[in-house]
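These notes concern the structure reproduced below.
The values are calculated or read from the model by the stated rules, or taken from the named source; none is laboratory data. Not measured: the values here are computed from a predicted model. Neighbour counts are summed over all protein chains in view; Cβ atoms, including those assigned to glycine, are modelled from backbone coordinates with ideal geometry. Areas reflect the complete protein model, heavy atoms only, side chains present, ligands, DNA and RNA absent. Shrake-Rupley method; radii C 1.70, N 1.55, O 1.52, S 1.80 Å.
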Amino acid sequence: MRNRHLHKLITLTATRCLLLIAVGGAWQTVSAQASVKDFPYLKKLAGTWKMNTRKGSVVEQWQQVNDSTWYGRTWRVAEGDSSLQQSISLVKQGDAIYFMPVYTGHETLVPVKLKVRVLKPIGFVAEDLKNDFPQKVTYRFSAPTVLEARVQGTRDGTIEEYIFKYNK
């Protein structure tokens with residue numbers, strides 16, 4: 001009986017330690033600073049990305065404006081009609097890169113400005129945990145023609161996450 005309790009205690013302690021190590025490692029990954037020298041990794045965004053849905057499709061289109069700015073737009077397309085959902089800028093400012101979405105119909109006086117924390121050949125993570133929505137945006141290239149965009153945050157006290165799986 002005593003050995004069983006000791007085994008449970010050791011197992012629980014080991015599990016907690018592994019969890020702390022995993023969370024600490026994940027935090028270090030997200031808190032790592034992206035470098036403006038990695039800005040060319042964004043070239044993979046160029047072009048038109050499309051995700052089919054039951055009601056039509058979502059299209060995201062990206063182009064490089066100059067050596068410090070990328071510009072993207074997202075549309076919903078249904079039955080031949082399209083509506084602009086958002087415009088996005090990815091901009092080098094000083095020694096940082098920012099992801100700045102503007103949602104159609106939800107324009108604000110103060111722009112949403114998420115700092116790109118991680119920028120690698122496989123994608124990027126941008127976040128501002130003080131912002132209501134979005135707080136975190138992740139773009140990941142799982143193949144040259146496959147892009148997954150995740151948008152996460154809290155809106156009106158509810159945690160929301162949207163996942164877009166685009167193909168070129």
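If a residue must be in contact (Cβ under 8 Å) with a residue 60 or more places away in the chain and either assigned to a loop (DSSP other than H, G, I, E, B) or under 22 Å from T53 (Cβ atoms) (or both), how many such residues does the stretch 124-168 contain? Give the steps one after another, and end with the answer.
Taking the stretch 124-168 first, the residues in contact (Cβ under 8 Å) with a residue 60 or more places away in the chain are 124-125, 127, 139, 141, 144, 147, 149, 164-168.
Of the ones still in play, those that are also either assigned to a loop (DSSP other than H, G, I, E, B) or under 22 Å from T53 (Cβ atoms) (or both) are 139, 141, 144, 147, 149, 164-168.
Of the residues in that region, 10 qualify.
Evaluated against (1) in contact with a strand residue (DSSP E or B) (Cβ under 7 Å, 6 or more places away or on another chain); (2) under 25 Å from V36 (Cβ atoms); (3) open to solvent by less than 70 Å² (accessible area, probe 1.4 Å); (4) of a type in the set (D, E, K, R), E160 falls short on exactly one condition, (2).
Return the residue satisfying two criteria in turn: it lies in the stretch 101-119 and is buried (at least 16 other Cβ atoms within 10 Å of the Cβ) and outside any loop (DSSP other than H, G, I, E, B), and of such residues it is modelled with the lowest pLDDT.
Just the residues of the stretch 101-119 that are buried (at least 16 other Cβ atoms within 10 Å of the Cβ), to begin with: 101, 103, 112-114, 116-119.
Restricting the remaining residues to those that are outside any loop (DSSP other than H, G, I, E, B) gives 101, 103, 114, 116-119.
Working: P101: 95, Y103: 87, L114: 97, V116: 98, R117: 97, V118: 97, L119: 98.
Restricting to residues being buried (at least 16 other Cβ atoms within 10 Å of the Cβ) and outside any loop (DSSP other than H, G, I, E, B), the top hit is Y103.
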